[in-house]
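Heads up: the structure comes next, in structure tokens.
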Amino acid sequence: MGERDAEEVIAEVCRLYGEKGEKAVRAARNGHVIQYHDFCVVIGTTDTYVVDEGFCTCGDFMYRESQCWHILAFRTAKALGMIVQRDEWYMDLL
Ligand SMILES: [Zn+2]
């Protein structure tokens, strides 16, 4: 993906999701979206959550069923090719 495409994706995420979008973009840029062999995780402000396209283990998603910024971070990082690949199993780190 070209530099300008990436900027467009980022602008779009921020426009559509406001503050949540900015958090998602920041996480993607900081390498906080990590793909392990078994799971993909997002490192949040207070904890690390397992995520995918439509699922997250955080309270916001589990109890309020709202689309949290972790899922957004996962999607943004995927679109930008910024998911960090780790040659490890997340289960082994727990
Ligand atoms: Zn979440």
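A short reminder: the numbers here are calculations on the coordinates, not readings from a lab. As the structure is a computational prediction, the values presented were derived from the model and not from experiment. Note: ideal-geometry Cβ built from the backbone for every residue, glycine included; neighbour counts use all protein chains shown.
Remarks
- Each label point was placed 7 Å from the Cα along the Cα-to-Cβ direction; for ASN30 and ASP52 their separation is 2.6 nm.
- Low-density loop cleavage sites - GluC sites (Glu not before Pro) in the chain, where at most 16 other Cβ are within 10 Å (DSSP): GLU53, GLU65, GLU88
- Surface/4 estimate of mean projected area, convex hull on alpha-carbon atoms of the chain, nm²: 6.1 nm²
- Modelled FRET efficiency - R0 30 Å, TYR63 with PHE39, Cβ distances, 0.05 increments: 0.90
- Here is the result for segment 1-56: no trypsin sites (Lys or Arg not before Pro) lie in DSSP coil with at most 10 other C-beta atoms within 10 angstrom of their C-beta.
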